[in-house]
Structures are given as structure tokens and as C-alpha cells.
């Protein structure tokens, strides 16, 4: 009990100062439009991650992100499957119905095969 036995990568929270509205033409335009009507959005910086091309470069391409999310656990799953089959073969595990029914009706052994 207690303790983290899973060795996950620590999440690094980026410094908030890297997100600059000036780096995103879309958000600069929003800022100008708000300014024209006398408004200002103090939280506009929170949207920079959506538009800043420098930040998107670290995300790889869309297909790379999709591939990574779909197949992240595939090597582990394949390894565990191979290990399970090898152990079952070594221990001669048999999953056949000992009564020999196999879905052909219940209690009628003479009708089997």
C-alpha cells in the first residue's frame, strides 16, 4: 500500500510567460477587434497554445499523434499475449469443455460429432 510503483514521466508545466498573444496573428486580430469597441480580454493569453505555430511543432503531425495514441500500449500488449500463450502451452492448459458439448445442445452426448 502507498507509494507510486508506476514510473510515469513527470508532467512538466510550461512557464506561463512563453504564451504571448503577439505570436499569434489570429489572437492579435481578436485583441484589435476588442480594442476597437473598448474591451480587453485579460485571459486571451490562455488561448495561445491553440494557435502558436512554435508550440504546435512540439506536437508532431496529426497522424503521428493519432498513431501514438492508438498504438501506445501495443508492444506491451503483444508481449503479454505471447507470454500468456507460451505459459499455457508449457503448462498444457486445455480450455475445451470436458463434457465434449461445444454448443451442440445440452445433455445429448450421442449427438456429438
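Against the criterion of being exposed (fewer than 10 other Cβ atoms within 10 Å of the Cβ) and over 30 Å from residue 15 (Cα atoms), residue 42 does not qualify.
The lone criterion from (1) more than 30 Å from residue 14 (Cβ to Cβ); (2) surrounded by 10 or more Cβ atoms within 10 Å (Cβ to Cβ) left unmet by residue 89 is number (2).
Read-outs: derived from the displayed coordinates by stated rules, not from any lab. Small disclaimer: the values here were computed from a predicted structure and weren't measured. When we count neighbours, we look across all protein chains shown, and the Cβ atoms used for this are built from the backbone with ideal geometry, even at glycine.
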